[in-house]
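Peer 1: Please find one structure pasted underneath; my questions will follow.
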Amino acid sequence: MSLLGGIRPPIAVLSVLLLSLAGITALTLGKPDNALVPKAVLTSQQYVAEDGAIALRASLDESVTDLTGTATLFNEGKPVSADTVLDKVGTVYQKWRGTAVIEIKSGKMLAARGENVPLTAIDLSKLSRGDGLSPRMVRLENGQTRLIILALLSWKGQPQQLLVASSTLSFPGVDLGPGRAIGVVDSTGRLLSSHGALDSERAEKQLASFAKTAARKGRQHPLKAKEPGSGGYTGVSGHLTGGAAEDVRTVGGYATLTPPQPGEPTTASSLGLTVVTEVDVSAKVSQITRPAFGVAAAGALLLIGGLAVVVLLGTVQRPLIRLFLESRRLTRGDLARPVSVPRAGEAARVGAALERLRRQLQGEPADAPGPALRKGLGARALLAVCAVLLLVWSVPLMVVLNRADSSVKVPAQIVHDQKSRTVTLSDRVRRALNEGHADLSAVAALIGDRTTPEDMKKVLERTMQEHDRYQSMYVLGADGEILARAGDGPHHEDGKAPSKQAIEVTGEGGKKPVVTATAQAPGRGGAAVVGEFRIEFVNALLGRQGMGEVRVVDAKGRVIGGDSGYIAFEKAPSYMTSLLAAKRANATVQRGGTVRVAAAAPFSGGGAAKSLRWSLASWQPASGLAIPAYSLQNRSVLAGLLGLTAAAACLGWLHIVVVRPLRALAGQAEALAAGDRKTVLFPRHHDEVGAVVRSLELIRQQLQGQPRKRDGGSRTPAGVGRN
């Protein structure tokens, strides 16, 4: 017999699988979900920390790029005073706490703005080294930390100067929500800065404890720190659980600063910083499952599965094994006893044919009537009965039992986090557009009436290389003529004067919206620098784990951008209309056919992007969250699917290797018993059915030899008179 063939292996495997599934069902469906804090709440804290890390990294990298880019633009023009440099820097980019210009050779302070820049941390004699101009972190006497950014100002015939700017390790535009604190941690676990709800000694101690844990975990390799196939955030991130007080537990998240593209480190991502958060959440045991349910489901499976196995053993396996033994007995010449014919089905047909063949071996003619057959279910029908029995257990678990309805409880912290993350992302998009307009303003400020188109083009090309947000940049004259351009072909209409809007959207009816920023050039008589944003740049800002679908919506409720498939200028989903119409940040749980956690946040704050009056909308089905009700539903569905899979696999296996060959065997046996002596029978499988086929072939050969024996004068039937 073959290892995987025959009647026994499928039934044995089915028995083992059903027994194992019964144990799994008792343990999973009957285990109370006693987690004080749902996993969805913990995972959400990880996502909030990732948002903070992305915002901080983008802010620091943007600050470095802006300062060095501005210095490059000044270096390409005529020499200007240090005060002029700082005035223009402060007018275009209002982000630094303090700025200063120093003459490198003498160390003399030429100009300063804002708070005092910690110049003692800068060794002017080492600026010529490879890392001499690299940004550095400096801790002030008051305990605060500043990021110092350096850039050279160099004109021919003038002493070299050093442009210095100091920036805080703050989180621009990050909405913390109620009761949350956030901090920046260095590689040693020291808190460099902290913000938010730190109004108690307990909160400060907990954040400091989280900081040490986050720094230790942040030193892992990103690939080793994640579960295989988890994907998502490219850095190291996770969630933390702290102490509890009464019905409140402190939870948090951490995330290292990581570059936007793996393997391409940026200035901020190389500083070894980690973002850590903490928030107090409700910690109550919510037992939504009963141990008796898991035990009852397992017992029902054992009962139904046992009945199915008994049916298979009694109506398929035993009759087939009996036929195998009877056929071997006939081939050995033992013809005295009648063949034991099974009750019904293909096995009964084969048994009746064997009985007729036994009589024919004894000399009875082929047309003699055989034993009467009873009507009954065939092997296929019996398999269908067993399948129905197992479906009776599996299907209710998949579609009926433990279903989470529209009244499912969604933790309040999930709703708060959806809102705060939507507000954070809304501000991130607004700031990105403002930064893009500021870049254009910096370029426009240096274009005078004597700047040649060739020089303009060089500046535009350099700006596009430094910033990937633009698909096209050009200088537009007051008469609508393009004086210089870089990048893709512009969407500007010939002869149309520069727009008075700082940022506007066009392209309705096309495949992509065209977001255009315009900055007037003061010294060019009405000319302007125009930049067209890549819509892919805006969409890339929206990709966040755990937020579901995210859309940028204009004042008319039309979709401008999204993190997944969308149609430009289509209307936002109807279930988001009320949230978008509120014109304020809000989040809610929408109930009905699908339970959703939805949030919307309009652009708030100043800058060129304020005039767009855009909003950010996000929504996700609650069924995708790891909350107890849906976790129980998912486990129930999984148990049902496992039962369905076990039934389909084993019964399908049984049908292929046993039932189909058995049906073919019944036809061959009946044909042979009816007198077909010419068809050679050969087994296709080395199993019980194959063994019966081999026996039939031997009987066929014996029957072919009977006439010749009678012709030779011996009329003694084969087998008669033998011991």
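Peer 1: Based on alpha-carbon positions alone, could you give the equivalent ellipsoid semi-axes of the stretch 1-159 from the gyration tensor, as √(5λ), descending, whole Å?
Peer 2: 67, 21, 15
Peer 1: For the chain, state what percent of all Cα-Cα pairs lands in each successive 10 Å bin, counting from 0 Å until the bin that includes the largest distance.
Peer 2: Over the chain, the share of Cα pairs per 10 Å bin runs 3, 12, 15, 16, 13, 9, 8, 8, 7, 5, 3, 2, 0, 0 percent.
Peer 1: Which number comes out as Rg/Rh for the stretch 334-392 once both Rg and the Kirkwood Rh are worked out on C-alpha atoms?
Peer 2: Ratio of gyration radius to Kirkwood radius: 1.18.
Peer 1: List every residue whose amide H lies under 5 Å from the amide H of His686, counting only residues 5 or more places away in sequence or on a different chain, with H placed 1.01 Å from N in the peptide plane.
Peer 2: HN-HN under 5 Å from His686: Ser2.
Peer 1: Right, here's the next one. Whole-Å semi-axes of the stretch 372-521's equivalent ellipsoid, largest first, each the root of 5 times a Cα gyration tensor eigenvalue?
Peer 2: Working through the eigenvalues yields semi-axes of 67, 23, 14 Å.
Peer 1: Cα to Cα, under 17 Å, and not fewer than 8 places away if on the same chain: which aspartates and glutamates meet these conditions relative to Lys226?
Peer 2: Glu50
Peer 1: Using the Cα centre of the chain as origin and beta-carbon charges of +1 (Lys, Arg) and -1 (Asp, Glu), tell me which of Ala381, Gln668, Gly509 is placed farthest towards the positive end of the dipole.
Peer 2: Gln668
Peer 1: Let me ask you something else. Extending each Cα 7 Å along its Cβ direction at Asp131 and Gln220, get the distance between those two points in nm, one decimal.
Peer 2: Here the modelled spin labels are 2.7 nm apart.
Peer 1: How big is the charge dipole of the chain about its Cα centre, in debye rounded to the nearest 20, if each Lys and Arg gets +1 on its Cβ and each Asp and Glu gets -1 on its Cβ?
Peer 2: Dipole magnitude for the chain comes out near 3960 debye.
Peer 1: Then there is this: Can you tell me, using C-alpha contacts under 8 Å and at least 6 residues apart, the relative contact order of the chain as a whole percent?
Peer 2: 17
Peer 1: Taking a quarter of the surface of the Cα convex hull of the stretch 380-436, what do you get in nm²?
Peer 2: 8.2
Peer 1: Stokes-Einstein diffusion coefficient for the stretch 617-658 at 10 °C in a medium of 1.306 mPa s, Rh from the Kirkwood formula over Cα pairs: what value in µm²/s?
Peer 2: Estimated diffusion coefficient is 125 µm²/s.
Peer 1: Apply 1/(1 + (r/R0)^6) to the Cβ-Cβ distance of Ala121 and Lys212, taking R0 = 30 Å, and write down the FRET efficiency to the nearest 0.05.
Peer 2: The formula returns an efficiency of 0.70 here.
Peer 1: Could you work out the per residue convex hull volume over the alpha carbons of the stretch 558-609, in cubic angstrom?
Peer 2: Spread over its residues, the Cα hull of the stretch 558-609 gives 110 Å³ apiece.
Peer 1: Using the heavy atoms of the protein chains alone and a 1.4 angstrom probe, what is the accessible area of the chain per residue in square angstrom?
Peer 2: Ligands and nucleic acids excluded, the figure is 47 Å² per residue.
Peer 1: Whenever you get a sec, compute what percent of the accessible area on the chain sits on carbon and sulfur atoms (1.4 Å probe).
Peer 2: 53
Peer 1: Mind jotting down a quarter of the surface of the convex hull over the alpha carbons of the stretch 229-276, in square nanometres, one decimal?
Peer 2: 4.6
Peer 1: Students often get this wrong, so check it: of Lys512/Lys556; Lys95/Lys610; Lys409/Lys571; Lys95/Lys205; Lys108/Lys156, which have C-alpha atoms separated by over 28 Å?
Peer 2: Lys409/Lys571; Lys95/Lys205
Peer 1: What's the center-to-center distance, using Cα atoms, between the stretch 641-709 and the stretch 124-203 in Å?
Peer 2: Going from one Cα centre to the other spans 82 Å.
The values are calculated or read from the model by the stated rules, or taken from the named source; none is laboratory data. Remember, it's a predicted structure, so these values are computed and weren't measured experimentally. Cβ coordinates were reconstructed from backbone atoms using ideal geometry, including for glycine residues, and neighbour counts include every protein chain displayed. For accessibility, only protein heavy atoms count, side chains too; no ligands or nucleic acids. Shrake-Rupley method; radii C 1.70, N 1.55, O 1.52, S 1.80 Å.
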